[in-house]
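This report refers to the structure that appears directly beneath it.
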Amino acid sequence: MITLSNVHKSFNGNIVLNGVNLTISEGEMLALIGRSGIGKSVLLKHIVGLIKPDAGDILIDGININRLRGKELEAIRKRFGFLFQEGALFDSLTVYDNVAFPLREKTSLSEEMIREKVFCELENMGLEKDAHKYPAELSGGMRKRAALARAMVMQPSIMLFDEPTTGLDPIIGQSILNYIQACHKRGGFTGIIVTHDVPRVFSIVQRIAMLHDGNIILIGTYEHIIQEKNPIFEQFLSGNLNGPLTYS
Ligand SMILES: Nc1ncnc2c1ncn2[C@@H]1O[C@H](COP(=O)(O)OP(=O)(O)OP(=O)(O)O)[C@@H](O)[C@H]1O
Ligand SMILES: [Mg+2]
């Protein structure tokens, strides 16, 4: 369903993706991990066509999205839900209007139907009492949940989550992961979760991929990748300062 083939991307000589190959099958949920600044968000943005690769192809259901422009790109983007790392709510709109926004823009549903869908998502996120509030009146975690509700309300067939639990307390973080898992089971979208929330995320995905130095260095089920005893993965999981990963 999603295929990255030999994707290269540099910014001003800084090589971020150096020939990434990755295939995600329909209905699969994959966790993408790797240290900060390694290129996880950049990789997700390639999949939605927000960043163009220097070389290589990104195929969505066999369609090369690099070649799409205007209306065609818009049509394929409708199938995506994207939870941006930065949240990206509209500050001038209430929570309710933020979640209703894509439905009003991209569907011809009546306001009554929209209301039903919006409140269903807000209830799932525990935000039904906050529908009238503006983003500035919310905590960071509430903003993340509102953004998640807005992404989910369109019932996308591909869902990309960029750090859905970062900045949330452990209980809310777990409830978000449970919610994502429940949606995945119910709706069967194909999903990628970028997260540092390890090992917790491993229980809700089928496979884990680790991005390091421009490539996917490890991919497979949790059982498979722990057997490999990769020192980079082991250090990442343990948070040990001594190992192949260095920080400058
Ligand atoms: N639009 C851009 N222009 C220039 N450089 C960029 C751009 N976007 C990302 N980068 C650079 O690409 C690298 C990878 O960034 P990215 O945001 O993908 O990291 P990340 O793995 O998501 O990190 P984190 O876990 O901290 O979110 C960084 O060095 C960043 O500075
Ligand atoms: Mg990121």
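None of the figures in this text is laboratory data; all of them are computed from the coordinates on show. Please read all numbers here as calculations on a predicted model, not as lab measurements. Cβ sites come from the backbone with ideal geometry, for glycine too, and all protein chains shown count toward neighbours.
Assorted remarks:
- Alpha-carbon Rg/Rh ratio, for segment 191-248, with Rh computed the Kirkwood way: 0.94
- The Rg/Rh ratio for the chain, using Cα coordinates for both the radius of gyration and the Kirkwood hydrodynamic radius, is 0.97.
- Near the amide H of N215, within less than 5 Å, lie the amide hydrogens of N18, all on another chain or at least 5 residues away, with H placed in the peptide plane.
- In percent, rounded to a whole number, the relative contact order of the chain is 26, using alpha-carbon pairs under 8 Å and six or more apart.
- Contour minus Cα-Cα distance for N178 and F11 (0.36 nm per residue): 56.5 nm
- Near M1: Cβ cut-off under 9 Å, other residues only, Lys/Arg at +1 and Asp/Glu at -1. The net charge is -3.
- Projecting the Cα atoms of Y96, G126, L148 onto the charge dipole of segment 88-155 (Cβ charges, centred on the Cα centre) puts L148 farthest toward the positive pole.
- Centroid-to-centroid separation of segment 74-141 and segment 44-65 [C-alpha atoms, Å]: 26
- For segment 88-155, the Stokes-Einstein estimate of translational diffusion at 10 °C and a viscosity of 1.306 mPa s comes to 138 µm²/s, using the Kirkwood hydrodynamic radius over alpha-carbon pairs.
- Extension gain, R67 back to Q155 (0.36 nm per residue minus Cα-Cα distance, nm): 29.1 nm
- Our estimate of slack between A75 and M1, defined as 0.36 nm per intervening residue step minus the Cα-Cα distance, is 25.0 nm.
- Each Lys and Arg Cβ is given +1 and each Asp and Glu Cβ -1; about its Cα centre, the chain then shows a dipole of about 320 debye.
- Bridge type composition, the chain - antiparallel percent by DSSP, nearest 5: 55
- Per-pair calculated FRET efficiency, R0 = 25 Å: S92 and Q206 via Cβ, rounded to 0.05: 0.05
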